[in-house]
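Enquirer: Here it is, the structure, as structure tokens.
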Amino acid sequence: MVALRFDGKVAIVTGAGGGLGRTYALELAKRGCKVVVNDLGGDRHGSSSSTSMADKVVGEIKAAGGVAVANYNSVEEGEKIVKTAIDNFGRIDIVINNAGILRDISFINMKELDWDLIFRVHVKGAYSVTKAAWPYMRDQKYGRIIVTSSNAAVYGNFGQTNYSAAKHALIGFAKALALEGAKYNILANALIPTAGSRLTATTMPQELVDALKPEYVTPLTVFMCHDSFQETGGLFEAGAGWYGQLQYYRSEGKHLPGATVETLHDNWAKITDMTKARYMPSIKEQTGELLEMLSAAPADSSSGGSGGSGDFPSNIQSSALFKEIQDGIKTDPSVVAKVKQIFVYVITDNAGKELGKFTLDFKSATPSVYVGDSTTGAAAVTVTVSDETFMNLAAGKENPQKAFMSGKIKAKGNIMLLQKLQTILDAQKKAKL
Ligand code: NAI
């Protein structure tokens with residue numbers, strides 16, 4: 001295995017006087033990186049300061065034969081921290097935004113200072129250091145940026161509304177930076193560590209603090225800074241020797257043009273059903289999908305039902321029949337309760353050219369009939385039939401079985417369901433008479 005080295009590279013590790021940051025600084029230096037060991041040296045609540053924490057780590061690095069320099073500024077003073085790197089080493093390649101504090105308190109008791117300090121250190125701090133390093137990285141067309149998020153950002157954590165919010169802000173920050181940095185070979189990623197440290201000593205039992213060594217996180221963070229690491233805009237997780245990736249998934253959702261509050265109430269299970277959830281790699285795909293929905297069948301606010309529902313086209317005679325079915329099931333949805341399936345009808349002219357499609361969605365919580373292909377799932381049966389034959393069948397002028405046998409009706413999928421459908425349509429017709 002080739003050793004992953006950092007010779008010639010310069011890194012800033014903020015909050016490197018203890019905990020996780022210290023292990024990153026030591027490991028990077030061991031691998032040939034020149035390191036700015038930044039630490040304000042305060043307590044875990046963001047009060048006080050001292051030079052001893054950063055100095056101690058620099059001493060450790062030097063004793064091991066590495067190159068490092070201390071910086072004691074708060075991360076809110078990013079310019080000064082980057083200046084330390086430039087003045088001492090002439091460049092800056094890597095920024096690990098790691099400094100952090102906690103101000104845990106229930107929301108009811110939270111003071112503005114608890115909120116502000118958390119945002120100042122975690123969010124403004126990461127902004128400030130990254131902002132100062134960015135022009136150098138752009139000019140040299142190289143940069144590796146890491147922000148430190150938290151499980152609290154993803155899941156929330158009791159007593160940490162401030163911290164959870166700030167840590168989530170950092171994920172958005174890294175994802176947006178990744179887009180802006182791509183052209184300049186600046187990669188930005190977010191990390192979720194779990195480790196015992198003085199920060200977690202208040203929230204974890206001592207045995208866990210001891211067991212969850214920061215050194216379990218270190219290899220991932222260091223790898224994320226390496227030339228060979230090509231991910232950007234990602235969210236990676238490490239703790240207890242486990243390494244993984246976290247992504248946002250989006251439910252398949254449901255296209256409901258003209259939806260009312262009640263439509264959403266009726267379709268809620270489908271809207272939030274995660275069984276077919278998909279990963280959206282970027283905002284481009286997400287917006288693209290919405291635009292596609294917009295350009296699909298025009299919204300029919302009168303339908304209020306499920307599925308994409310355009311106007312029933314007047315050039316297709318059968319339109320009127322589909323509209324009738326729709327009106328029928330709106331009045332009495334129970335008639336289709338026995339066939340919880342989706343049917344798609346392809347209506348053609350006599351030469352077999354498609355005139356339009358209709359979907360009978362009897363599967364959704366609110367059954368509906370609409371123009372176009374199914375927007376809610378695969379059809380159990382797709383029936384292709386000419387406009388004329390469909391009208392004749394409805395008027396009883398043609399026999400469905402015969403039409404099927406002679407090929408006037410073509411069906412794909414579970415054709416047995418057609419029988420059931422016919423029973424429903426007949427029942428509806430009778431009810432109308
Ligand atoms: P730690 O308290 O040992 O390290 C944080 C360091 O940041 C301290 O040395 C502190 O002096 C320094 N610091 C605080 N405010 C500063 C400022 N304004 N400017 C410069 N330095 C400052 O805590 P730990 O656990 O090593 O945390 C490192 C990062 O990882 C933090 O951002 C924390 O929120 C995050 N994190 C840690 C987790 C864990 O399980 N340890 C879980 C999730 C996130």
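Enquirer: Under a straight-distance cross-link criterion of Cα-Cα below 24 Å, which lysines are reachable from Lys9, leaving out those fewer than 8 residues away in the same chain?
Expert: Lys30, Lys34, Lys56, Lys62, Lys80, Lys83, Lys131, Lys141, Lys175, Lys183
Enquirer: Angle, helix 161-181 long axis vs. longest principal axis of the chain, Cα atoms, 0 to 90°, nearest 10?
Expert: Computed tilt is about 80 degrees.
Enquirer: Tell me the net charge near Arg22. Cut-off is 13 Å between Cβ atoms, Arg22 excluded, with +1 for each Lys or Arg and -1 for each Asp or Glu.
Expert: Values: positive: Lys30, Lys56, Arg198, Lys213; negative: Glu27, Asp39, Asp55, Glu60, Glu215.
My count for the surroundings of Arg22 gives -1.
Enquirer: Here are some pairs, Lys254/Lys363; Lys254/Lys412; Lys167/Lys254; which of them have Cα atoms lying more than 19 Å apart in this structure?
Expert: In this structure, Lys254/Lys412; Lys167/Lys254 exceed 19 Å between Cα atoms.
Enquirer: Next question. How would segment 157-278 be classified by its alpha-carbon gyration tensor: rounded, prolate or oblate, with rounded meaning a/c under 1.5 and the a/b versus b/c comparison settling the rest?
Expert: oblate
Enquirer: Related question: Separation of segment 212-286 and segment 96-166 by C-alpha centroid, Å?
Expert: Between the Cα centre of segment 212-286 and that of segment 96-166, the gap is 20 Å.
Enquirer: Right, here's the next one. Along each of the three principal axes of the Cα atoms of segment 307-433, give the extent in whole Å, ordering the values from largest to smallest.
Expert: Principal extents (Cα only, largest first): 36, 27, 27 Å.
Enquirer: If you count, for each residue, the other Cβ atoms within 10 Å and average over each peptide, how do 276-288, 319-331 line up from highest to lowest?
Expert: The packing order, highest mean first, is 319-331, 276-288.
Enquirer: Express the relative contact order of the chain as a whole percentage, based on alpha carbon pairs under 8 Å and six or more residues apart in sequence.
Expert: Reported as a whole number, the value is 9 percent.
Enquirer: Let me ask something additional. For a label point 7 Å from the Cα of Asp139 along Cα→C-beta, name the residues of segment 73-89 whose backbone N is under 18 Å from it.
Expert: 78-89
Enquirer: Helix 52-63 against the longest principal axis of the chain: what's the angle in degrees, Cα atoms only, rounded to the nearest 10?
Expert: Between the helix axis and the principal axis of the chain, the angle is about 80 degrees.
Enquirer: Could you give me D for the chain, from Stokes-Einstein at 37 °C and 0.692 mPa s, where the hydrodynamic radius is the Kirkwood radius over C-alpha pairs? Units µm² s⁻¹, please.
Expert: 127 µm²/s
Enquirer: Another question about this same structure. Counting pairs of Cα atoms in segment 1-105, how many percent are more than 21 Å apart?
Expert: That fraction is 28 percent.
Enquirer: Here's something else I'd like to know. On C-alpha positions alone, give me the angle between the axis of helix 261-271 and the longest principal axis of the chain, in degrees, nearest 10.
Expert: 70 degrees
Enquirer: Pairs of Cα atoms under 8 Å, at least six residues apart: use those to get the relative contact order of segment 87-135, whole percent. Write out the running numbers ahead of the final one.
Expert: On the way: 20 pairs, mean separation 23.1, N = 49.
Value for segment 87-135: 47 percent.
Enquirer: Of the listed peptides 144-155, 89-100, what is their order by residue-averaged count of other C-beta atoms within 10 Å, with the highest listed first?
Expert: Details: 144-155: 22.6, 89-100: 24.7.
Going from most to least packed, we get 89-100, 144-155.
Enquirer: While we're on this one: In square nanometres and to one decimal, what's the mean projected area of the convex hull around the Cα atoms of segment 88-236?
Expert: The directionally averaged projection comes out at 9.5 nm².
Enquirer: How much net charge surrounds Leu220 when only other residues with a Cβ under 12 Å from its Cβ are counted (Lys, Arg +1; Asp, Glu -1)? Spell out each step's value before the answer.
Expert: Working: positive: none; negative: Glu27, Glu215, Glu231, Glu237.
Local net charge: -4.
A short reminder: the numbers here are calculations on the coordinates, not readings from a lab. Everything numeric in this text was worked out from a predicted model, so none of it was measured. With ideal geometry, Cβ positions are generated from the backbone for all residues, glycine too; neighbour counts draw on all protein chains shown.
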